[in-house]
Every structure is written in structure tokens, then in C-alpha cells.
1. With N residues in the chain, what two-decimal value do you get for its Cα radius of gyration over 2.2 N^0.38 Å?
2. Apply the a/c threshold of 1.5 to the C-alpha gyration tensor of region 367-471 and tell me whether it is rounded, prolate or oblate.
3. For the chain, with all protein chains present and a 1.4 Å probe, just round the carbon and sulfur fraction of the accessible area to a whole percent.
4. For the pairs 240/303; 419/441; 190/419; 419/448; 419/439, note any where the Cα-Cα span goes beyond 24 Å.
5. Compute the distribution of all C-alpha to C-alpha distances in region 195-245, in bins of 10 Å from 0, and list the percent of pairs in each, rounded to whole numbers.
6. Take every Cα pair under 8 Å in the chain that's 6+ residues apart, average their separations, divide by the length, and report that relative contact order as a whole percent.
7. Which cross-chain or sequence-distant (5 or more) residues have an amide H under 5 Å from the amide H of residue 354, H modelled 1.01 Å from N in plane?
8. Give the average over all directions of the projected area of the C-alpha convex hull of region 77-228, one decimal, in nm².
Amino acid sequence: MVPRSRVSVLGPLVAAVLIATTLGASAATPAGAVIAPAFSRPLVIPRVLTGSNITLTAKLADVQILPGTKTRMWTYNGMFPGPTIRRPTGQTTTVTLINNLPAAAGELTLHNHGNHSTAQNDGQPDDFLAAPNGGSVTYTYTGTEAGANERGAFQWYHDHRMDVTGRNVWMGLAGMYIIDDPADPRTLPKGEFDVPLLVADRSFDANNQLAYRFNAAGVTGNRILVNSVPQPYFNVGDRKYRFRILNASNSRSYDFALSNGQSFIQIGTESGLLPAPVRRSHILIGPAERVDVVIDFARRLGKRIVLQNLAADGSLRQVMQFRVTRDLTDTSSIPATLRPLPALDATSAVTRTFEFGRNRFSGAWTINDQVFDPNRIDASPRLGDTETWIFTNKSGSNHIVHLHDVDQQLVSRNGVAAKPYERMKESWSLGIGETIVLKLKFTDNPGKFVFHCHILEHEDAAMMAQFEVVP
Ligand code: C2O
Ligand code: CU
Ligand code: CU
């Protein structure tokens, strides 16, 4: 299709009006919705798909989230979250997206966030789209990177349509994607003790329906859902569990901690396992960031431990509850070393600087003073080169820097060497006044890729740019 050029940032506003009409959403009165007491419903684990050819059909479905009336959502395969895709590294996977949503939802595009996809398979915001009324796109993921298997990682997939990603994700178009890697230590908790958690906030109207109103500052909800269940409880045994925690919220950050003062043992980021485990008393993650942690419930039989969000008060502080109800023998262990980081070239071919800012006059979110234009290329790195990319934040608000295509290694944050838990990632919090220095190597894939703020309303308001890897 011919990419349309962006003339304004009004798209999301039009979309918000559209959705309010389409869904018949009344003025949101969240207080009218029925509130179940915290920790009254069990955690649900989304269904797992492991086949090499997967179909995700985007369609309306009524999902039981709150007590009483179901919530009409935009789902993949009728579920929210969508099915968890779980694949061995090194093997080709195809995912076919079929767009069976009402035409008012418009075209869709599916991004496998964190994957090393070719440009054509990356879920471009304004190209290779699945048209309404049954249009489809098949994405092929090779499971390889730089001549080897892709590293094991906890990824996720979500809609990425230009101007309306926030709306589409809020309505339910998101799911988890795990790459299993035999090169990762085999003694880590596995099977039922390896639990993915998609954490997202939503607000509901008096009829239990989602209401989305675009706000360029970012949209937050007043309920926390874990795998779609509001504040669930989860029965665990007195042993180690691996939790892969994804912040799939549009704009909310969480500062996770355990109510009994116990530490997490962080073993990974969105880019796979850390070089070595790191103990952390609390973990702050913004939208799209993931942490892979082990919680050891040994010697806690009979205890109830709450996963808290120290960044908020009241019910927003209570994310979920672990009930240690089972007496089990722990056969898992966490090795002292996990996975070394991939080596990057010592020297960078190019250093680029990107300032996340805000236009003083229009209020628009900007990268290097510009809003996204799909017809503009903002950087042209050469295939095979290692570069240094510096991001600064002069905007007066927090942002999440996310780069497609390849993982990045952190050289420094505010002039200080990278903390052991954030040496390699692909989504980075960039607080007010902060500077991060990243190194990245452009392997395998020529073509265009976007990078953007992952606060979805900032992204939809065009805080996005594009690089083209050239041979
Ligand atoms: Cu999850 Cu371009 O994003
Ligand atoms: Cu991405
Ligand atoms: Cu932002």
C-alpha cells in the first residue's frame, strides 16, 4: 500500500471518538462497575501454542473480567491475553494474522516485540497491513540471529498500527511469546513452575465495558489485571518459581516488591538471561519492559505474600497474592552464572544522538524535534556495523525508549556504568533529564525499522522515528 504521510497528530483523537461510538461506551463511571474483593479469584494461565504455523484471528469476544457482564474486547483467537506462543529457538515459525474485527477498527499489524524479525515481518506501523473484512498477513520468524540461534527470551506480540496502537492494545490485542533455548541453564524452574504474567491496567464503565479515551499524556486504568484477572491469587508450593513479568500497560509503570520483604532473584530482562543472577528488593518497570525473576517460597508454607506495586496506593498497590499451600520438593536451582552477553565490536562506526522532547509551542512529543513521518528516514546504519546511540530526555516527562530489530547493550546511564540488571535490553526507561548510552550491532536485516516511546499514547502522538539498515 502507499504509506500515507502524516499531516497532524489528530489521528488518535479521531480514533478515540470512533471507538466511543463503535462500542457504545457511555461516559466512564468506573465506580459503577462491580468490584470483587482483592485476591478473590485464581490466576489464569493463557493457553499455550507451540506449533510452527500459528494463526491469530483478531475478533470481538466477550471476556469475563469483572463479576457480572462480560467485557467485549478485541482479541486474538477470542482470548485476552492472546494465546502464549512458545517456540524452540532456531526453528522457523509462521504467524498468520487474520483481521476479523469490525471494519471500524481499521487495518491491523502484528509486531513480535523483542524478536529479531526482518523488516517485512516486523509488524510495520503503516505497511504490510491486514485489511478489515478478513485481510491477512503471514509473518515468518526464523529463530536465528547473527548466524546462530536467537537467544532464549520472553517476548510479546501486540498490534502496532500507526496512530491507534494504544487503543488497539487497550482493547485487548496483546499476548506473550516465549523463545526456549537449550543453551540456557536447564536447572531453572520449568513446566508449571515457569509462569508468565502479563500485567496491565484497565478502566471499565458501569456496564463492565472498556472505554478508551485518547490522552496524549498516556492512558492509565484504575484496575490492575494479571493475565486478565483483577488482583488474582495463585496457589504455589514451597519451592522456587520462575515468573516472567511483562508490563503490557499502555503507560503505567510498576515498582514491584514482595509484601514480606523478601527479594526477587532477577535472572533475565527482555533480552534473555543475565550474565549472573541479581538480588533485588524492588523492581521498577515501565511499559513493554519485562523481568524474569525467581521467587523462592521455601520455608513459607502457609504464608500469603502479596506482589505489590510501590508506585501506587490503595487497590493499585495490590497486584496479586501468592498463597503457599503445597508442600513440594524443589529440584530446581539457579546457577551462579547464567549467560554471557554477546560480544560487540569494541569501537563504534557511528555515534548518534536522539533527544526525546516536547515542542514548546504545539506540545507534541518529539524525537530530535520531529514527529513521526513514515516517509522520512532518521538514521541509516550500515549492516554489520556496531553503533553508539545516545538518548536524552529534555521533555519534562518520563519515556520508554524501544528499538526494534536488535537488542542493545547499555554503556552508561547518566554517566554511570550500567547496573548488572540492565546491561542488555530493548526497552529502556528514560526518566526526566536522563541520558542513556547504548551500543547495538545491526545484524542480518537490511530495511526499515521503527524506534519510539513505548508509552503507547506518546507513540500514537508520533513520538516515533525510523532507521533504515543499508547493505
Ligand atoms: Cu512493543 Cu514498536 O513495540
Ligand atoms: Cu518492538
Ligand atoms: Cu514517552
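1. Cα-based Rg divided by the globular estimate yields 0.92.
2. Oblate, because a/c is 1.5 or more while a/b does not exceed b/c.
3. 52 percent
4. Numbers: 240/303 15 Å; 419/441 21 Å; 190/419 27 Å; 419/448 31 Å; 419/439 15 Å.
Checking Cα-Cα distances, 190/419; 419/448 exceed 24 Å.
5. For region 195-245, the pair-distance distribution reads 20, 41, 24, 11, 2.
6. Working: 1299 pairs, mean separation 73.0, N = 471.
RCO, the chain: 15 percent.
7. Residues meeting the criterion, in which the H sits 1.01 Å from N, are 390, 391, 392.
8. That works out to 10.6 nm², a quarter of the Cα hull's surface.
The values are calculated or read from the model by the stated rules, or taken from the named source; none is laboratory data. Keep in mind that this is a model prediction, so the values were computed, not measured. In this analysis, Cβ positions are derived from the backbone assuming ideal geometry, glycine residues included, and neighbour counts consider all displayed protein chains. Ligands, DNA and RNA are stripped out before the accessible areas are found, and what is left, the full protein with its side chains, is counted by its heavy atoms. Shrake-Rupley method; radii C 1.70, N 1.55, O 1.52, S 1.80 Å.
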